[in-house]
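The values are calculated or read from the model by the stated rules, or taken from the named source; none is laboratory data. This one's a predicted model, so the numbers in the text were calculated from it and none came from an experiment. Cβ placement follows ideal geometry from the backbone for every residue including glycine, while neighbour counts extend to all protein chains displayed. Accessible surface areas use protein heavy atoms only, side chains included; no ligands, DNA or RNA. Shrake-Rupley method; radii C 1.70, N 1.55, O 1.52, S 1.80 Å.
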Amino acid sequence: MEKVVFGLVGGGWRAEFYLRIARELPEQFAVGAMFVRNKEKAEALSRTWGVRVYTSIGDFISAASYSFAVVSLKKDISTAYVIRLAEAGIPVLAETPPAPELVRLKELWNRVGGSAKIQIAEQYLFQPMHAARIALADSGRLGTVSQAQVSAAHGYHGISLIRRLLGTGFGNVSIRAQQFRSAIIEGPQRSGPPSAEARVQSVQTLAVLDFGDKLGVFDFTGDQYFSWIRGSRILVRGDRGELMNDDVSWLQAYDTPLFGKLRRIDAGHGGNLEGFYLKGIMMDGEWLYRNPFAPARLSEDEIAVAESLVRMQRHVGGGPSFYSLAEGSQDQYLALLLEQAAESGETVVSQRQPWAAE
């Protein structure tokens, strides 16, 4: 595989995922240049990661030491940088969401959507277990899929999984939503485990997305990302079968049900001396997903980010789109409508947007 050399705009928590991938897989990935505005932070990043860091976006653009740029900034400021890079002729892999609100989604699309090479780094579709579930839904084993219930990720991430599992396009959808608050003992955060017991409020968002002939159910509480006591759930239903988390049931014939289970295959357990890494996801002797970055010790989220980088390199070289600005804009648009429905208590209906013609 051709080595992926990319630029990185941003130096926060999410940007470090890309830096770790380049460190763990130096034969496959390299950060050609970085941009952060703060001089002290730039110097610290350069020392820690051994990367050339610019504090001027103009100098970063002029460096031209990468085949595309990853924009990993807060959503309130990322859109302007995506436009700046795209208008300079630099392909962009933008972290989610592409813009924080509908007016800026439209501005981004109208400015560069029809001409620039822009993809969105939506990693959930490429996380190994989700990728295996998507492969199963696409295989026909479940028949025609009509329902997906997703309790695994917030906002646009959860909606991206729903739309991908259902195979819906840019058609209109009606959304009903509500929020439920309850107490929970505070768990870990990005900064690490809790230092003492504290009771806090947990906010759960429930929504039903009616696509007409297909139904999506969104259910998420922010605690799920780090909590030790709040898990994720996925249900996919077709006319010939069903996936419930890791368990699968389907009809071989109308009177012959079969049952299977998605199984993680890891090296390094027990007496295995191959190292500690994910090999892939298997069901009944069939690989639904194989880890292309084994034996690197990457988390599932890092594996998914690495997959986005590889696909972006192929796209820059003339390969197919894998999660376009149009798809990312649609998922963010529906996430905004979901928030509106939850706050108002009223059913909202999407309208066709300019990117829907892609």
Within region 298-320, residues of a type in the set (S, T, N, Q) and at pLDDT below 95 come out as 299
How do the pairs read when you match residues in region 185-202 that are modelled with pLDDT under 90 with residues anywhere that are part of a loop (DSSP other than H, G, I, E, B), using Cβ under 9 Å and keeping only pairs 6 or more apart or on different chains?
189/226; 190/13; 190/226
When the residues of region 224-248 are narrowed to those that are among the charged types (D, E, K, R) and more than 24 Å from the chain's Cα centre (by Cα), which ends up most open to solvent (accessible area, probe 1.4 Å)?
239
Collect the residues in region 296-324 that are in a loop (DSSP other than H, G, I, E, B), closer than 28 Å to residue 226 by Cβ and more than 13 Å from the chain's Cα centre (by Cα), keeping them in residue-number order.
296, 297, 298, 299
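Only one of 343, 339, 327 is open to solvent by 30 Å² or more (accessible area, probe 1.4 Å) and either more than 22 Å from the chain's Cα centre (by Cα) or of a type in the set (A, V, I, L, M) (or both); which? Before the answer, list the steps.
On the way: 339 fails: either more than 22 Å from the chain's Cα centre (by Cα) or of a type in the set (A, V, I, L, M) (or both); 327 fails: either more than 22 Å from the chain's Cα centre (by Cα) or of a type in the set (A, V, I, L, M) (or both).
Exactly one of 343, 339, 327 is open to solvent by 30 Å² or more (accessible area, probe 1.4 Å) and either more than 22 Å from the chain's Cα centre (by Cα) or of a type in the set (A, V, I, L, M) (or both), namely 343.
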Taking residue 95, is it modelled with pLDDT under 95 and open to solvent by 20 Å² or more (accessible area, probe 1.4 Å)?
no
Just one of 251, 258, 273 is modelled with pLDDT under 95 and open to solvent by 30 Å² or more (accessible area, probe 1.4 Å); which is it?
273
Of 187, 270, 192, 222, which residue is over 21 Å from residue 137 (Cβ atoms) and in contact with a His (Cβ under 9 Å, 6 or more places away or on another chain)?
222
Scanning region 126-141 for residues that are under 12 Å from residue 243 (Cβ atoms), touching a helix residue (DSSP H, G or I) at 6+ places or on another chain (Cβ under 9 Å) and buried (at least 23 other Cβ atoms within 10 Å of the Cβ) gives 130, 133
Restricting attention to region 158-174, which residues are out of contact with any helix residue (DSSP H, G or I) (no Cβ under 6 Å at 6 or more places or on another chain) and either assigned to a helix (DSSP H, G or I) or open to solvent by less than 10 Å² (accessible area, probe 1.4 Å) (or both)?
158, 162, 163, 166, 173
Which one of these does residue 177 not meet: (1) buried (at least 23 other Cβ atoms within 10 Å of the Cβ); (2) over 20 Å from residue 283 (Cβ atoms); (3) touching a helix residue (DSSP H, G or I) at 6+ places or on another chain (Cβ under 6 Å)?
(1)
Give me a count of the residues in region 92-133 that are over 22 Å from residue 64 (Cβ atoms), part of a loop (DSSP other than H, G, I, E, B) and hydrophobic (A, V, I, L, M, F, W, C).
1
